[in-house]
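Single-structure report; data block below.
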Ligand code: SAM
């Protein structure tokens with residue numbers, strides 16, 4: 001709160017700004033990312049840099065993507081580190097190949113919850129996808145992502161096509177300022193070199209998956225014919 005007021009800023013709810021104020025979850029994120037001195041890390045939503053600073057202690061290079069321009073400028077000034085670059089932009093749309101300079105990288109993020117799944121999908125679907133993801137998101141979203149057959153959804157298929165997700169830890173609202181209304185979870189995704197399916201047309205694949213899950217209580221052939229509007 002003090003740091004924000006010194007910068008003349010206050011948390012922007014619309015940008016999912018719940019800043020970590022507890023070192024415990026930061027350490028858990030760092031351990032799960034297993035950062036080595038050769039690693040390049042892309043961090044989404046560095047905010048005031050609590051996770052960023054810790055990553056920079058080990059990683060070779062950190063590229064951060066931040067949508068709040070004032071925070072991006074403040075962070076660049078604060079870090080003054082040649083291994084650190086901050087890109088002002090929307091992580092749902094950035095050109096991943098361009099910002100990663102086609103280097104192999106790990107993705108680390110305390111994600112803004114309103115955009116967590118489109119951001120993950122955007123990076124996992126990019127030609128230069130991360131080798132590993134460690135991300136904090138809403139507990140229920142994390143549970144959907146790791147769901148097993150019988151409990152799966154469009155979300156779990158959309159992530160598990162690209163890697164194996166696990167929940168590393170749960171994080172209570174008291175770890176953040178301001179406190180979110182929900183419990184959070186840190187997930188780890190071990191990303192496959194190639195997606196599980198070689199898809200010529202990803203949109204068509206997801207149209208079928210979406211139709212298949214459109215009415216969980218119906219038989220699959222009915223969901224598919226209804227969802228795809230075919231007899
Ligand atoms: N990493 C910081 C921490 O742990 O305290 C901040 C995490 S906060 C949950 C999410 C951050 O993502 C904020 O800094 C917010 O401005 C930024 N953000 C929100 N939407 C974004 C987007 N679409 N692309 C990139 N950053 C975004």
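Of note:
- Axis of helix 202-212 versus longest Cα principal axis of the chain: the two differ by about 60°, to the nearest ten degrees.
- If you wrap region 161-231 in the convex hull of its Cα atoms and look at it from every side, the mean projected area works out to 7.8 nm².
- log₁₀ of I(q)/I(0) at q = 0.14, 0.22 Å⁻¹ - region 96-165, Debye sum with one point per alpha carbon: -0.42, -0.97
- Overall dimensions of region 96-231, expressed as equivalent-ellipsoid semi-axes from the Cα gyration tensor (√(5λ), whole Å, largest first), are 27, 21, 12.
- Compactness of region 41-101 - radius of gyration and Dmax, Cα, Å: 10.5, 28
- Remark: region 1-41 is approximated by an ellipsoid whose semi-axes, taken from the C-alpha gyration tensor as √(5λ), come to 27, 12, 11 Å, largest first.
- Share, in percent, of DSSP beta bridges within the chain that are antiparallel, nearest 5: 45 percent
- Cα long-axis angle, helix 69-79 against the chain (0 to 90 degrees, to the nearest 10): 50 degrees
- In the chain the Cα-Cα distances spread across 10 Å bins starting at 0 as 7, 32, 35, 18, 7, 2, 0 percent of all pairs.
- Residues 40, 62, arranged from fewest to most other Cβ atoms within 10 angstrom of their Cβ, appear as 40, 62.
- Compactness of region 126-192 was expressed as the Cα radius of gyration divided by 2.2 N^0.38 Å, which yields 1.18.
- Taking other C-beta atoms within 10 angstrom as a stand-in for reagent exposure, 200, 34 fall in the order 200, 34, fewest first.
- Cα-based helix-to-principal-axis angle, 23-33 vs the chain, degrees rounded to 10: 60 degrees
- Order of 125, 6 under a 10 Å beta carbon neighbour criterion, fewest first: 6, 125
- DSSP beta bridges in region 82-191 [antiparallel fraction, %, rounded to 5]: 75 percent
Just so you know, all these numbers are worked out from the coordinates, no wet-lab data involved. Remember, it's a predicted structure, so these values are computed and weren't measured experimentally. In this analysis, Cβ positions are derived from the backbone assuming ideal geometry, glycine residues included, and neighbour counts consider all displayed protein chains.
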